[in-house]
Amino acid sequence: MSDSYEPILDRHFATQAVSNHFEDAVSLIKEFVNYGTFLIPRAFRSSPRDIKAVCLIFVQLHQFLTHLDGFALLLAAGNCLSSTLQIRSLLEISHSMEWILSADTDTKVNYLYTYNLRKRKHWNAALTPGTPEAARHADAVAMVSLTPIQMKEISDQTHNIDEILSRSPFDVINAKFEHHYSPNGYDKPWHEMYDGSSIRRIAKNLNREKEYSYIYSPYSGVTHASDMWKSLICNDQHIEVNPIREPGNIPHVVPIAGTFTLRVYRMILQEYRAGEVENFARKYLSDWRERFMKRYRVELFPRFTTI
């Protein structure tokens, strides 16, 4: 059985369907990715080059683009169900960025920065013999062999992190994280440590709870393999199974990902290149709007196979 069972996975059918019917949608997402790759250096050159800029541009925007590029690759293969994992990430980053910028931005950024410093410190500790982290991860650490030079680099980096975390305001934030870490051996997500916010609460605070309910929550079912009805229909006598790749859903997933993309790019422009916001709106109208608003009347068969 070296070939796939085509009713479940027909690669040629999926890629041909994309090429024949949905090339406009795929090209739109690719252009969004291309625009974002230039936005990263341009935004940073216009920024104060502080921790906030680093976190927003090189962490959140960069990771947003990583998922958007993955989304484009999955679209080209007609793998719309798997692409919903990327959409879930796009939504979470979009909401997180909007929430950070909505109020108390510097403090939120400091929590995000502290969280990441601590995460690096804990991984360093896991590679340092005699620490609680090394004991906790002994099975994984046993497979790692480090030279004395590498161990010194880890020690120096940990020293630098401790030095940063000893300064205000990071010292107070670090102590809050440590209060939870000491008895449990792990840190809570940074937004929970800030004010107890969950992803749902962030969405609610932004008046975007419907996006959470209609997009993030259902797509979480796909992520965790807990949504039966994305895969099958059960009847008394048989089971109807959907194909792994469903290119016919491209018109449904592209507008969702595109909406988050336009929102994130506009936030970054408003923060660091406000003079370009009007040009960005013109670019949308002239280059992207037609494809973004395009409605498809395509029905692809077969949609499922009976087992």
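The values are calculated or read from the model by the stated rules, or taken from the named source; none is laboratory data. All figures in this text were calculated on a predicted structure; none of them were measured in a lab. Please note: Cβ atoms are built from the backbone with ideal geometry, for glycine as well, and neighbour counts cover all protein chains shown.
From the list S46, S27, S19, exactly one residue is of a type in the set (S, T, Y), surrounded by fewer than 20 Cβ atoms within 10 Å (Cβ to Cβ), over 23 Å from I250 (Cβ atoms) and at pLDDT 95 or above. Which is it? First the steps, then the outcome.
Details: S27 fails: over 23 Å from I250 (Cβ atoms); S19 fails: over 23 Å from I250 (Cβ atoms).
Only one candidate qualifies: S46.
If the Cβ limit is 9 Å and pairs must be 6+ apart or interchain, which residue in the range 195-212 that is within 18 Å of A103 (Cβ to Cβ) pairs with which residue that is of a type in the set (V, I, T)?
Short answer, once both residue conditions are applied: R208/I202.
Which residue is nearest to the chain's Cα centre (by Cα), if the candidates are limited to the range 61-78 and must be closer than 18 Å to H191 by Cβ and surrounded by 20 or more Cβ atoms within 10 Å (Cβ to Cβ)?
Restricting to residues being closer than 18 Å to H191 by Cβ and surrounded by 20 or more Cβ atoms within 10 Å (Cβ to Cβ), the top hit is F64.
Which numbered condition trips up N249, out of (1) under 26 Å from A17 (Cβ atoms); (2) at pLDDT 80 or above; (3) not in a helix (DSSP H, G or I)?
(3)
What do you reckon, is T107 assigned to a helix (DSSP H, G or I), surrounded by 18 or more Cβ atoms within 10 Å (Cβ to Cβ) and of a type outside the set (F, W, Y)?
no
Any residue at all in the range 118-140 that is β-branched (V, I, T) and not in a helix (DSSP H, G or I)?
yes
Looking at K283, K204, which one is under 26 Å from the mean Cα position of the chain (by Cα), more than 30 Å from S46 (Cα to Cα), modelled with pLDDT of 95 or more and in a helix (DSSP H, G or I)?
Being under 26 Å from the mean Cα position of the chain (by Cα), more than 30 Å from S46 (Cα to Cα), modelled with pLDDT of 95 or more and in a helix (DSSP H, G or I) holds for just one of K283, K204, which is K204.
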